[in-house]
Amino acid sequence: MRRLLRILLKTLLILAILLAGYTPLQPEPMLGKISFYNGLFPGRERLPFGETPRTAYNFSLSNLNAMFSSHKISGAGKLVSEEIRVVVLGDSSTWGTLLKPEETLAGQLDGKIIELNGTEQTLQVFNLGYPTLSLSKDLLLLNRAMEYQPDLILWPLTMESFPIDKQLATALVADNLKELSTTFQKASISPQWFESEKGTESWWSRSLFSQRRALWDLIRLQLYGFLWAGTGIDQDYPQDYPKPTIDFQADDTFHSISGVYPDELMAWDVLEAGLKTAGDTPILFINEPMLISNGENSDIRYNFYYPVEAYDYWHREFLNRCKSNQWHCQDYWDILPNIVFTNSAIHYNLEGAVVLSEKLMETIPKLLEQ
Amino acid sequence: MFLLDIVILLAAFFIIGLIRNPKLRTALITVASVLFVFYLQPLVPIRNFDYWFPFLTLSFTLLTWAFCARDPDLPIQANRDELALILFPMLIVALSRHTPFNTLFTASRPPALWLSLPAIAFLFILLTGSVQLLKKNLTVLYSVLITLLISLLVIIKMPCLALKASEFLRSISGQQIDSALASDIRWLGYSYIAFRLLSVVIDRKKGRKLFVSPGQFVSYVCFPPALAAGPIDRLDRFAKSLAGNFLASIPYDDAFQRLAIGAFKKFILADGLAFIALSQQNHAQFQSSCWTWSALIAYSLQIYFDFSGYTDIAIGLGLLVGIRLPENFNHPYLKPDIARFWNNWHMTLTQWIRSYVFNPLTRKLRSNKQRPLPQWLIVLLAQFVTMGLIGAWHGVTFNFLIWGAWHAFGLFIHQLYNDRMKDRLLALQQRPQIYQLYLLLSWLLTFLFVALGWVWFVLAEPGDAMAFYRMLLMGRIP
């Protein structure tokens, strides 16, 4: 019994040291860098995301170090002279909901050969899409992507990523406000909507007890690496899924506002921050394809996301800004037929990814030659 | 059992273990056994069956005691106090329906009192009436009891019958039959309970007398740490402890060490390996045989750590109240042949099967003097029946039966090999280095044989298993 009490006391002491040391040290972000990926397991083709880990062998977590350490971009090493490194940002359509990694836009572009200044170059394309609609999330990932020295950044975006109220709603952003703040600071941009939201972390949220789930997620990510490596599966592929709606009620509101959505409620400044974060690396903004419905009230709404009036206004504004700021932009909003959209107005299938990649293959060499 | 259940059991047993008075400790173990049968029963989709399954467990236990393990020379009134210790907690659980703590003992609210109270009263009448029956020839009754216990086991283990049972129970509970599933029949620990009860009835039928009090018997059958995953103790051994022969002092060091090792095996190793182990879901998804082998080996280790972890926890909890449960695993994966593997894997189940199936069957097969069977055929038949039963105990499906046959075949070949090679092996032992190499190769072969056998155990269909074997040996099949 005495031995048992000694063990209990020692355990309590170690626990007390752990609890006391954890909060000031905050090792969780750094622990994310410890990874079996790109070593024991191949790196993931896309960032960890998912809600059904048992079947998808993948799940969502907010530790950016862990996310990038598990991605194959971390194992890519230095570029050789015949390669062009491209990162593709964006939402679930880039990430590739219902698509296998090789079927996504990045997958279609990867390995393609382009001719630059008379020499053949191979595109080494990394999918850094993440299935939430928020420009801030894209900026956060872009900031990380710059560590891997890309030659080109493709940034597919859509109007739904722009509203200010979407910017911090994503768990990935909400859990990485400090890093987003630093990114804005580096870009010398301080959006008003962000200043009021920064907040500070409480002592409790920084404690070991509070972060136990995040720590367990780091272990889980490594454990799921085995089945990712063995099966190549990183998402759930349901046999059947609901098709995107094409019949709508006569509703012309976007984020509860009827008609044109005010510019001051849009986070255009995040694009500015993105351009400054990328520095000399060119960014190609792509107005991503969407389903244009032809059902009931299609004169009022294009699709589930967008009323015609609000979208058209934003669309014009996007093109105007591209022109006036001399941004590299491609407007692909209507290049895909409705039949290629899968379970949402922005999720396209392999056929859609092929069409989009072919379009981009016309643009990328010109852009890189500039 | 979840971690929280184990912590609650640990707290309860730690307190019970502090009591020095053996009678009081035995009484509390009895009460705990009754209450934990209800508490540990998981939620059942069929209405109120998370009450009725434990109720039936206790009813079968008490009736088996009344017919097989009670002292016929003592009137039932002599066991009045102990019966009260069992029936009263059952009553408390039933009455908890009308308290704010109506899910304290059961996963959902207990059934209406007009159902539960008459059921308890009926059980009491049956127990009292059993005294009259005891004076008559009970051979038929024992046979009926054996048939009933085995039939229930078959229903639970056979998916098509379990589905029918679920439909029937849903219909009498006023629920939709369409949503019935075979997995609805989640009767906690029935496989173990049935084997404990069967051993007592079979022994009694053979004329073996072992009389214990109802409290001791309920504690033996429903001992909470061993309820969900064994081990299957013997009544005489267990009853000795409960009859006041507890361990002289509680070996807390041993107990907590076993608990810690068990928790580490179960919740760290086994649960960690579960992420990478072969499963019904992932078996067809692997892209190369390297990962397939890894998943199979991970499963082999997972099932061992899971099961032996639970056993360690059960033994640790038992020690906390002064009861030493039998060991169930003794490094089975380190054994150099399949016979020794089975002597060290789920030992209490194999001992049970050996005592009640293998030995009687072998004796029976050998007893035919007019047309004697060759020795090898006796061994073959006995091995196949025995291992087939062990397979069926896990589930009456084609794959479990093949798994049993796989091991029977292995044991049979090993026996033949051993008989033929006995002299050479003795000679080999004189050359230690070569013998060590031989042992190493034997171990590897045994481990591979057992690991490959698990494919039948994990996968539900023979076609799946065959496809997996092709994958293991030849890589991805297009």
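A few comments on the model shown:
- Solitary cysteines of the protein assembly as shown, where the nearest other Cys Cβ is not under 4.7 Å: B:Cys68, B:Cys160, B:Cys222, B:Cys290
- With the charge dipole of the protein assembly as shown set up from +1 on Lys and Arg Cβ and -1 on Asp and Glu Cβ about the Cα centre, the Cα lying farthest toward the positive end among the listed residues A:Leu8, A:Leu284, B:Ser33 is that of B:Ser33.
- GNM on chain A, alpha-carbon springs under 10 angstrom: the most fluctuating residue among A:Ser161, A:Ser207, A:Ser74 is A:Ser207.
- Shown for B:Trp456, B:Trp114, A:Trp228: other C-beta atoms within 10 Å of each C-beta, ranked fewest to most, produce the order B:Trp114, A:Trp228, B:Trp456.
- Helix-only mean residue ellipticity at 222 nm for chain B, each DSSP H run of n ≥ 4 adding -39500 (n - 2.57), per residue, nearest 500: -22000 deg cm²/dmol
- Charge-dipole axis of chain A as Lys and Arg at +1 and Asp and Glu at -1 on Cβ define it, positive-most pick from A:Ile346, A:Ala106, A:Tyr130: A:Tyr130
- Point-to-point label distance, A:Asp331-A:Tyr241, nm (Cα→Cβ direction, 7 Å offset): 2.9
- Considering the range B:313-448 at the alpha-carbon level, its Rg and Dmax are found to be 17.6, 55 Å.
- Residues of the range B:383-402 with amide N under 12 Å of a point placed 7 Å along Cα→Cβ from B:Cys160: B:397-398
- Rounded to whole Hz, the Karplus (6.51, -1.76, 1.60) HN-Hα couplings of the range B:306-314, x for glycine and proline: 4, 6, 6, x, 4, 5, 4, 5, 4
- On the beta carbon distance between A:Asp312 and A:Glu358, with R0 = 22 Å, the FRET formula returns roughly 0.25.
- Residues B:Cys68, B:Cys160, A:Cys322 in ascending order of nearby Cβ atoms (within 10 Å, fewest first): B:Cys160, A:Cys322, B:Cys68.
- Spacing of the two label points (7 Å from each Cα toward its C-beta) at B:Tyr469 and B:Leu377, in nm: 2.7
- Peptide-level mean, for A:226-235, of C-beta atoms on other protein chains within 10 Å: 5
- Between the range A:3-48 and the range A:95-109, the Cα center-to-center distance that results, in Å: 34
- Computed magnitude of the charge dipole of the range A:1-139 (debye, nearest 20; Cβ of K, R +1, Cβ of D, E -1): 1260
- Inter-site label distance for A:Arg212 and A:His255 at 7 Å from Cα along Cβ, in nm: 3.8
- Phi angles of the range B:465-474 translate, via the Karplus equation with coefficients 6.51, -1.76, 1.60 and θ = phi - 60°, into HN-Hα couplings of 5, 5, 4, 5, 4, 4, 5, 4, 8, 10 Hz per residue; Gly and Pro are given as x.
- B:Leu440-A:Leu12 FRET efficiency (beta carbon distance; Förster radius 30 Å; 0.05 resolution): 0.10
- Choice from A:Ile339, A:Ile246, A:Ile73 showing the highest fluctuation, given a GNM over chain A with Cα pairs closer than 10 Å: A:Ile339
- Averaged over B:276-283, number of beta-carbon atoms from partner chains that fall within 10 Å: 3
- Cross-link pairs exceeding 18 Å in C-alpha to C-alpha distance, out of A:Lys137/A:Lys166; A:Lys166/A:Lys186; A:Lys33/A:Lys72; A:Lys33/A:Lys276, comprise A:Lys166/A:Lys186; A:Lys33/A:Lys276.
- Where Rh is the Kirkwood radius over Cα pairs, Rg/Rh for the range B:3-242: 0.95
- For A:Arg301, distant residues with modelled amide H under 5 Å away: A:Val308
- Dipole of the protein assembly as shown computed with +1 at Lys/Arg Cβ and -1 at Asp/Glu Cβ about the Cα centre; of A:Gly21, B:Cys160, A:Ser181, farthest Cα towards the positive end is B:Cys160.
- Ratio Rg/Rh [Cα only; Rh per Kirkwood] for the range A:26-369: 0.95
- Within a straight-line Cα-Cα reach of under 13 Å, A:Lys78 can be paired with the following aspartates and glutamates, leaving aside sequence neighbours fewer than 8 residues apart in one chain: A:Glu147, A:Asp151.
- Fewest neighbouring Cβ atoms within 10 Å first, the residues B:Phe275, B:Phe55 line up as B:Phe275, B:Phe55.
- Taking θ as phi - 60° and the Karplus parameters 6.51, -1.76 and 1.60, the scalar couplings of the range B:207-212 work out to x, 6, 10, 9, 9, 10 Hz in sequence order, x denoting glycine and proline.
- Residue-normalised convex hull volume from the C-alpha trace of the protein assembly as shown: 235 Å³ per residue.
- Here the range A:26-369 is assigned +1 on the Cβ of each Lys and Arg and -1 on the Cβ of each Asp and Glu. Its dipole about the Cα centre then comes out at about 1380 debye.
- For chain A, modelled as a GNM whose springs connect Cα atoms under 10 angstrom apart, the maximal fluctuation among A:Pro150, A:Pro307, A:Pro262 occurs at A:Pro262.
- Between the range B:180-258 and the range B:320-395, the alpha-carbon center distance in angstrom: 20
- Placing +1 on the Cβ of every Lys and Arg and -1 on the Cβ of every Asp and Glu, with no other charges, gives the protein assembly as shown a dipole of roughly 6980 debye about its Cα centre.
- Among the trypsin sites (Lys or Arg not before Pro) in the range B:319-426, those located in a DSSP loop and surrounded by at most 11 other Cβ atoms within 10 Å of their own Cβ are B:Lys369.
- Sorted on the mean count of surrounding Cβ atoms within 10 Å across their residues, most packed first, peptides B:96-106, B:300-310, B:10-20 read B:300-310, B:10-20, B:96-106.
- Among beta bridges that DSSP assigns inside the protein assembly as shown, antiparallel share in %, nearest 5: 30
- Take the Cβ atoms of B:His331 and B:Ser151, set R0 to 35 Å, and the FRET efficiency comes out at 0.45.
Bear in mind that the values in this text are calculations on the coordinates, not laboratory data. Because the structure is a prediction, the values reported are computed rather than measured. Positions of Cβ are backbone-derived with ideal geometry, glycine not excepted, and every protein chain shown enters the neighbour counts.
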